[in-house]
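Just so you know, all these numbers are worked out from the coordinates, no wet-lab data involved. The structure displayed is predicted, hence computed values, not measured ones. In this analysis, Cβ positions are derived from the backbone assuming ideal geometry, glycine residues included, and neighbour counts consider all displayed protein chains.
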Amino acid sequence: MSDGADDLELVYDLGARAVSFDLHEELYAKEAVYGAAYLFVDRAYVFLTRPSDGHVRVRLRSRGAATEDQLVALAGEFANELLNQMVRRQVSEATSQIREYTLARAFFGNDGRASIDALLAELDAEDLDDDPLEIEVPWERSGQGSVGG
Amino acid sequence: MADAVVRFDRSLYAADAVHAGVEAFGKFARIALSEDADAFVLAVTEIDPRHEDVLVDELANYVLAETAASRSGGAA
């Protein structure tokens, strides 16, 4: 698996309780690597090194004994999480303007003020004469002597 | 685990995170911090025997998590 012959596969090296693989920073943003690593620190020991410019080497060491298959699975799960982090970043960047616009409108737009005014007017219009203390007790709502039959 | 030297690449690990790691794990070992052009270098000696199997790995995890939290907002 670590011969590097097939570029479509994750190329990794297996060691004692550890698996490592290299990531190209042009493909995987460093923040995505941090995001994935952050989620894995409770499952494995994660260590990053820089084997060459533009590359990050990730080493995952299992917290206990692990078979080769388990190490390979661990590396695969990390790679999946890496992709997940990349997608999250891309969606976040793609929708940043929409979020900013929505927040700006909520805080500074006239619609927000109008909504609050309408809500206050609705509260003022409510007839609370039958409940002067504004404490409505559920069993009295339709009760009228329902206790004890 | 015997004494260890751990190199944290400057381009991958935050200085504040390394210092935080030294402070947090300093009670379990003697940790000497030095720096060269590319890395923060931690020489870890006199490791508490109760934690010697995991201390260096836990220290590295701690520094990485601190770095990740500071650079990506933490909530990954």
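Things worth noting here:
- The mean number of Cβ atoms from other chains found within 10 Å of a Cβ in peptide B:7-13 is 4, as a whole number.
- The fraction of Cα-Cα pairs per 5 angstrom bin, counted from 0 for segment A:7-94, comes to 3, 14, 26, 26, 18, 9, 3, 1, 0 percent, rounded to whole percents.
- From most to least packed by mean Cβ count within 10 Å, the peptides A:86-92, B:2-8 give B:2-8, A:86-92.
- For chain B, the longest principal axis of the Cα atoms and the long axis of helix B:55-72 meet at an angle of about 10 degrees.
- Average other protein chain Cβ within 10 Å of Cβ, residues A:52-62: 1
- Per residue, the convex hull volume that the Cα atoms of chain B enclose (Å³): 79 Å³
- The packing ranking of peptides B:23-36, A:95-108, A:29-42, highest mean first, is A:29-42, B:23-36, A:95-108, where packing means the average number of other beta carbon atoms within 10 angstrom of each residue.
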